[in-house]
Amino acid sequence: MVIMLPQTNVLLGLAGVFLLLTIATGIIYLLPSLRSASNATELQQRVKSWWMIVIIITIALCLNHTIALIFFAFLSFLALKEYLSLIPTRRVDRRVLFWAYLAIPIQYYWIYSNWYVMFLIFVPIYVFLFLPMRMVLLGETQGFLKAAGTLHWGLMLVVFNLGHLAYLLMLPSHPAAVAGGAGLLFYLIFLTEFNDIAQYVWGKTLGRHKVVPKVSPKKTVEGLVGGVLTTILLAWGLAPWFTPFDTLHALGIGLLLGMTGFIGDITISALKRDLGIKDSGNLIPGHGGVLDRIDSLTYTAPLFFHYTAYFYYQGFCG
Amino acid sequence: MVKLLRLLFFLLIVRLVVLIILGLRIRHKERLPVKGPAILVANHNSHLDTLVLMSLFPLHLLPFLQPVAAADYFLANPYLAWFALHIIGIIPVERQEISRTKDPLAVCATALAQGQMLIFYPEGSRGEPERLSKFKSGIALLAKSFPSVPIYPIFLHGLGKSLPRGSFLLVPFFCDVFIGEPIYWTGERRGFMDLLNHRMESLAAEENLPAWE
């Protein structure tokens, strides 16, 4: 197996994340007010899970692109399985759901073979046309629209949108992108997840006015604004290390990631509220399921990718 | 040798299928028994039920786990019979006992006396996927003979979607496992069966499970 370490900046970035996690762990276990808080064990579990997530991502990024693609394909699989296990499905569609799972290896094969146009159109066109056709041929019309609609929405979120994370690794080198595709990927994931945490912390400390009480009663205007401002600042500070962005583009992406990360988060909240469940699963202790953790990324990944592609990879991405 | 094969089968193949392809969401795992004798009673929708129930326990308990299974189905041909008896480790029972002189559950009694943990499906067969059918009362006979053996009701959801009766195509779904507090023989058959049915229904109602129509 060929090991291809990512650029130095990415390694430094990962080291920085480990440092942050160590500090966070120290604070949670040593600060008396946090140690005796009512949600102390949940907080500890959550940080423990962060360690696992960061270690797994580090391994995926530091070996080679193929391993990283397999990791993201597996992430899509876990998320799709969680989604299909949560939503009502029709017994008659069992085989159709099997085809839906097959979309994952095929989509990641397009990424692996760097077939950009196919990567873009496969889920929105071919899968979109094929699965309802398969359903129609089964001949059951009761619940057809709901089944076709929910299935495609899930595939778009966890196969098409998340696939953009993996495609960042396939982008050609760009003179200003000093840390390559892995740098962009690191920047995107770090900012998205940090934005989630920043919104949570700002909301906990200053939160007064609710934003979307019917969807997510704990989200506040103060949390949202504080989180977005933090993310803009970080996006600007980190951009020269990981991206080709100039100052204006860096501030722009900070705003975009901060806002749309929030939208991704509440979209999955709305899904769970509609289904009458609290967490999407219990695979990640302290966080819930996979969908609970990747919710923001389902929005930020495709938007970040196309923002970057539009401004810096015009020749490659049409 | 066969014991090693059984261990490897459960360590490699069963864990791969159950933990990676399917994935478990277990509620009240702490209620599981740590030693026999015990009876695990579950609803039955799929061949995967047995594999999932057996993966709930650490591998060192594998020799103590034995599913009670239909002799007419699993001993039908020699290959399946070898696999069922030696790899899965079933206790075969006759479903249609013609002569009333022989007790079909005598083998189960022997195993319980030896401290085994039995997996028992009182629905009698896999039935309609994701529908709980009424329990048959064979379990009551066993409970009556062993009033001090704990009986754990376990409700499974999702496996009937993944691999229902009559299908060979495995479609991945998370499997929900709800483990109940143990119950014991109550002194009379109807009361015991009502209690067991009631416990299963309340386990099934613990969470909002998605429809499968």
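Label positions at A:ARG208 and B:ARG95, each projected 7 Å from the Cα along the C-beta direction, are separated by 6.8 nm.
Note on chain A: GNM, Cα springs under 10 Å; of A:SER38, A:SER296, A:SER173, the largest mean-square fluctuation is that of A:SER38. Summing Lys and Arg as +1 and Asp and Glu as -1 over all other residues whose Cβ lies under 13 Å from the Cβ of A:ARG94 gives a net charge of +2. Cut-off 10 angstrom, C-alpha nodes, Gaussian network model of chain A. Which of A:LEU75, A:LEU20, A:LEU251 fluctuates the most? Most flexible of the set in this elastic network: A:LEU20. Screening chain A for whole DSSP H helices of 30 Å or more along their axis (Cα) with average Kyte-Doolittle hydropathy at least 0.0 returns A:8-30, A:40-62, A:65-86, A:180-206, A:221-242, A:247-275. The label point for A:ILE197 and the one for A:ILE27, both projected 7 Å from the Cα toward the Cβ, are 0.8 nm apart.
Per the Kirkwood formula applied to alpha carbons, chain B shows a radius of gyration over Rh ratio, Rg over Rh, of 0.93.
Counting only protein heavy atoms and using a 1.4 Å probe, the accessible area of A:LYS219 comes to about 50 Å². Among the listed pairs A:LYS272/B:LYS29; A:LYS219/A:LYS272; A:LYS81/A:LYS218; A:LYS214/A:LYS272, those with a Cα-Cα distance over 18 Å are A:LYS272/B:LYS29; A:LYS81/A:LYS218.
Multiplying the residue separation of A:GLN314 and A:ILE263 by 0.36 nm and subtracting their alpha-carbon distance yields 15.6 nm. Given +1 at the Cβ of Lys and Arg, -1 at the Cβ of Asp and Glu and no other charges, the dipole of segment B:6-78 around its Cα centre is 320 debye to the nearest 20.
Of all DSSP bridge pairs formed entirely within the protein assembly as shown, close to 25 percent run antiparallel.
Compute the signed sum of charges (Lys and Arg +1, Asp and Glu -1) over the other residues within less than 14 Å, Cβ to Cβ, of B:ILE88. With Lys, Arg at +1 and Asp, Glu at -1, the neighbours total +1.
Structure remark: mean-square fluctuation, Gaussian network model of chain A, C-alpha springs under 10 Å; the largest value among A:THR300, A:THR220, A:THR192 belongs to A:THR220. Where Rh is the Kirkwood radius over the Cα pairs of the protein assembly as shown, the temperature 37 °C and the viscosity 0.692 mPa s, what D in µm²/s does Stokes-Einstein return? Taking Rh from Cα pairs, D becomes 127 µm²/s. Among A:GLY261, A:SER49, A:VAL178, which residue has its Cα furthest toward the positive end of the charge dipole of the protein assembly as shown, with +1 on Lys/Arg Cβ and -1 on Asp/Glu Cβ? After comparing all options, I get A:SER49. Based on Cα contacts under 8 Å between residues 6+ apart, segment A:46-148 shows a relative contact order of 25 percent. Using the empirical formula 2.2 N^0.38 Å as the baseline, the Cα radius of gyration of segment B:16-133 reaches a ratio of 1.09. Within 9 Å, Cβ to Cβ, of B:GLU123, how many net charges do the neighbouring residues add up to if Lys/Arg are +1 and Asp/Glu are -1? Once all neighbours under 9 Å are counted, the net charge is +3.
Calculated over segment B:1-73, the projected area of the Cα convex hull averaged across directions stands at 5.9 nm². Dividing the radius of gyration of the alpha carbons in segment A:107-148 by their Kirkwood radius gives 1.16 for Rg/Rh. Note on chain A: Rg/Rh from Cα positions, Kirkwood definition for Rh, rounded to two decimals, is 0.97.
Computed over chain A, relative contact order equals 19 percent, with contacts defined as Cα pairs under 8 Å that lie 6+ residues apart.
For the set B:ARG199, B:ARG126, the ranking by accessible area, highest first and with no ligand, DNA or RNA atoms included, is B:ARG199, B:ARG126 under a 1.4 Å probe. Placing R0 at 35 angstrom, the Cβ-Cβ distance between B:ALA76 and A:PHE98 gives a FRET efficiency of 0.80 after rounding to 0.05.
When you restrict to C-alpha pairs under 8 Å that are six or more residues apart and normalise by the size of segment B:36-183, the relative contact order lands at 35 percent. Magnitude of the charge dipole for segment A:58-199, about its Cα centre and with charges confined to Cβ atoms of Lys, Arg (+1) and Asp, Glu (-1), is about 500 debye. The residue among B:SER167, A:LEU75, A:GLY163 whose Cα reaches farthest toward the positive pole of the charge dipole of the protein assembly as shown, with charges on the beta-carbon of Lys, Arg, Asp and Glu, is B:SER167. Taking square-rooted eigenvalues a ≥ b ≥ c of the alpha carbon gyration tensor, is segment A:246-314 rounded, prolate or oblate, where a/c under 1.5 means rounded and, failing that, a/b exceeding b/c means prolate? Prolate is the answer for segment A:246-314, as a/c is 1.5 or above and a/b outweighs b/c. The equivalent ellipsoid that matches the C-alpha gyration tensor of segment A:1-134 spans semi-axes of 37, 24, 10 angstrom, in descending order.
When only the Cβ of Lys, Arg, Asp and Glu is charged (+1, +1, -1, -1), the dipole of the protein assembly as shown relative to its Cα centre reaches about 740 debye. Distance from the Cα centroid of segment A:268-318 to that of segment A:129-154 is 24 Å (rounded to whole angstrom).
The modelled label-to-label distance for the pair B:SER167/A:LEU229, using points 7 Å beyond Cα in the direction of Cβ, is 5.3 nm.
The values are calculated or read from the model by the stated rules, or taken from the named source; none is laboratory data. Every value quoted in this text rests on a predicted model; they were computed, and no experiment measured them. Backbone-built Cβ (ideal geometry, glycine too); neighbour counts: all protein chains shown. Keep in mind that these areas ignore ligands, DNA and RNA; they rest on the heavy atoms of the full protein, side chains included. Shrake-Rupley method; radii C 1.70, N 1.55, O 1.52, S 1.80 Å.
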